[in-house]
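Visitor: Please see the structure below; I have some questions.
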Amino acid sequence: MENEPLIEPSPFLEIRDPALSVQEIIQEIESKIVLPPPSSLEWERISKMEFQPESPEGFRKFDPAGTAFLFEKGISPPKFTNPKLWFIKGPFKFLLTRIIEFYGLVDKKLSENRIKAFFSVLHELIRLTKRIQKIEIRLEKFYSTYLLKKDISPDYQNIDFGWSTFQYFDMPGKLNLWDNAIADLKSKNQVTVLLPTWGYILKELTIANIRFEAFSNIEEEVNFIKSKISSHISKVNSLFPLRSFLPPNSDVLIFIPLNRFPSFLLNQLFIELSSGMTKGHDVYFSIQSDHAADSSPFQDIEVTKVDVKKLPAYLEPLGFARERNLTHQETMKILRYTKIN
């Protein structure tokens, strides 16, 4: 071939399929390129080229320092204060100054660097404008939804996170992750269960002969639990404020993992538990870990990331301390905190 490329095949890429002909593929690609046949010098130049994207996002990444450098100070006429230039004076000095000023003006208008810098700044302004518009739209939705309570009932009434908090009533073949907590609850007089979902934890409490009273704001759950498991469940119009239904002299168990709730709801929950629980009683809750319990490719989502190391420092001002780890399996961390004041 007259214009056979001089590029050697890469040692890191090799087509080993005998059904494919590399030479035919290259000829087909070259036949579709509407360009004159490359010369040896062009192939050598292309072989030395390297491609590196400026940013992984797919657009030019704005570099303030580089852009400022492109806007370098233009040419300005000298002041002729250097003693070595004492001989430049009179009309010659005036004429030289005017020539340099004119050249500097032309350079500012035609400088390629300044043109690049201008379009770089223009590109960044357009991109920032679009980002600000998207942020404004999201803020407007948040304002109308949560602050004006346009789309939800007051006081977070009828909170239901649907499939993200769903728990099956019957889970055959799986280890009970709450075994240690249930053994610890056997010494309690009564426990209040919040967010029992479809009653899996209530079934285990019933088998262990632990007295409990559950509360839910979802009518379907209440009807299902009353018909299948226990009558010790009450329907409440709203989970907040907790003091409207939470017994003061009772331990509290939150069945659904904390990861599945938004952070603002968790803050509200622990603040109200702090004001509603009395000294000496315990609160039990769980945190879903990142480790899968089985080989299933489908795992529960995490709405909020919970930092277990920071929990004691967060709960101590609310009056909760004496952490006890009741974890049975690493897939689900079960913790108990005691109300100390």
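Visitor: Can you work out the Karplus-derived ³J(HN,Hα) for every residue in the range 309-315? Use 6.51 cos²θ - 1.76 cosθ + 1.60 with θ = phi - 60°, whole Hz, and x for glycine or proline.
Guide: Karplus values, whole Hz, x for Gly and Pro: 5, 8, 4, x, 5, 6, 7.
Visitor: Quick check on my link table: of Lys93/Lys116; Lys188/Lys226; Lys228/Lys309; Lys48/Lys116; Lys203/Lys333; Lys48/Lys130, which ones sit more than 27 Å apart, alpha carbon to alpha carbon?
Guide: Where the Cα-Cα span goes over 27 Å, the pairs concerned are Lys93/Lys116; Lys228/Lys309; Lys48/Lys130.
Visitor: A further question follows. Label Lys134 and Lys228 with points 7 Å out from Cα along Cα→Cβ: what is the distance between them in nm?
Guide: Label at Lys134, label at Lys228, 4.2 nm between them.
Visitor: Between Lys310 and Ile115, what is the label-to-label distance in nm when each label sits 7 Å out along the Cα-to-Cβ direction?
Guide: In this crude label model, Lys310 to Ile115 measures out at 5.1 nm.
Visitor: Let me ask another. Going by amide H atoms built from the backbone, whose H comes under 5 Å of the H on Gln190, apart from near neighbours?
Guide: Asp251
Visitor: Rounded, prolate or oblate: pick one for the range 162-339, where a ≥ b ≥ c are the square roots of the eigenvalues of its C-alpha gyration tensor, a/c under 1.5 means rounded, and failing that, prolate if a/b is larger than b/c, else oblate.
Guide: rounded
Visitor: In terms of modelled amide H atoms, which long-range or inter-chain residues lie less than 5 Å from the amide H of Leu195?
Guide: Under 5 Å from the amide H of Leu195 lie the amide H atoms of Phe215, each far enough along the sequence or on another chain.
Visitor: Next question. Convert each backbone phi in the range 324-341 into a coupling constant with the Karplus relation 6.51 cos²θ - 1.76 cosθ + 1.60 (shift: θ = phi - 60°), then list the ³J(HN,Hα) values in order as whole Hz, x for Gly and Pro.
Guide: 10, 8, 10, 5, 9, 9, 5, 5, 9, 8, 10, 10, 10, 10, 9, 6, 9, 7
Visitor: Here is a further query. For the range 170-239 and the range 250-289, what is the separation of their Cα centres, given in Å?
Guide: Going from one Cα centre to the other spans 15 Å.
Read-outs throughout are calculated quantities, based only on the coordinates presented, and are distinct from any laboratory measurement. Being a predicted model, the structure only gives us computed values, none of them experimental. Using ideal geometry, Cβ is built from the backbone for each residue, glycine included, and neighbour counts are taken over all protein chains shown.
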